[in-house]
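Please treat every number below as a calculation from the coordinates, not as lab data. Keep in mind that what you see is a predicted model, and the values were worked out from it rather than measured. Note: ideal-geometry Cβ built from the backbone for every residue, glycine included; neighbour counts use all protein chains shown.
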Amino acid sequence: SIMYEKPSQKAEIDLNVNYNDYLIGKAHMKSGKRVEQPFDFSKKNFMNLMEQHRFLIQVMFPETAPNYKQLNLTENDYQFLYGKMSLLPRESKYPLYEDDNHNYDGYCKFFMFGDTREQIPDHIRIYNKVGLAHGFLLDNAYVVDVKNKVEFFLSAVVYVNQNETLNDNTYEYDELSIPFLAALGNAVYRYELKRVKDVLPDLTRFEIGNK
């Protein structure tokens, strides 16, 4: 039986997208054929990187946002969200990931661990949202080291496409962008590890037993 039904709606808002800024590459594949034109992203979903960065800060620390920007989420909702954002493949119960060679810890934790198959130490948690498509690699993360009292937000996007052809599944993720984001994350982590802090953060709520 139907519990609730609502007619479809169509947004009439003009988003005023700058068309020229969303033509990427020199060619693209469409229905198995090469088209000698840039790929048009003007009709694709888009969220500015800085907006993503600020939104993650609000999600992790809701009290920093003014009332009119507060999300309609309960404390349980936030805890559920934090758990899923930081969950590693080996920690997942449903779905169950048994292939550690493919579903390794750094699989979607590009900062610091994207280029290694080693396990992420238990005292480090990464709350993030990543993106990977059309040569673009993105990570928007809050990194926490409860052992060494380190925390930082870091967001970055990298585009790699040597042949400048979109939709051909030929991108230099493994060779260039993933190692770069891993190195970037580690550089920021090392800096924060050495930086003298006047006030140490209280990271108790991010310890594994409390997440």
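Values as computed for the structure displayed
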| item | result |
| --- | --- |
| Projected label distance in nm at residue 187 and residue 122, using a 7 Å step from Cα toward the beta-carbon | 3.3 nm |
| Neighbourhood charge, 11 Å Cβ-Cβ cut-off, centred on residue 27 and excluding it, Lys, Arg +1 and Asp, Glu -1 | +1 |
| Viscosity 0.692 mPa s, temperature 37 °C, Stokes-Einstein D of region 47-210 from Kirkwood C-alpha radius, µm²/s | 192 µm²/s |
| Förster radius 30 Å - calculated FRET efficiency between residue 92 and residue 198, Cβ distance, rounded to 0.05 | 0.20 |
| Cut-off 11 Å, label 7 Å out along Cα→Cβ of residue 159, residues of region 97-140 by amide N | 135-137 |
| Inter-probe distance in nm under a simple model that places probes 7 Å from Cα toward Cβ, at residue 31 and residue 64 | 4.8 nm |
| Spacing of the two label points (7 Å from each Cα toward its C-beta) at residue 40 and residue 2, in nm | 3.5 nm |
| Calculated FRET efficiency for the pair residue 175/residue 22, C-beta based, R₀ 22 Å, to 0.05 | 0.25 |
| Which listed pairs, of 43/69; 43/84; 84/149; 43/109; 109/194; 30/84, have C-alpha distances above 24 Å, in listed order | 43/69; 43/84; 43/109; 30/84 |
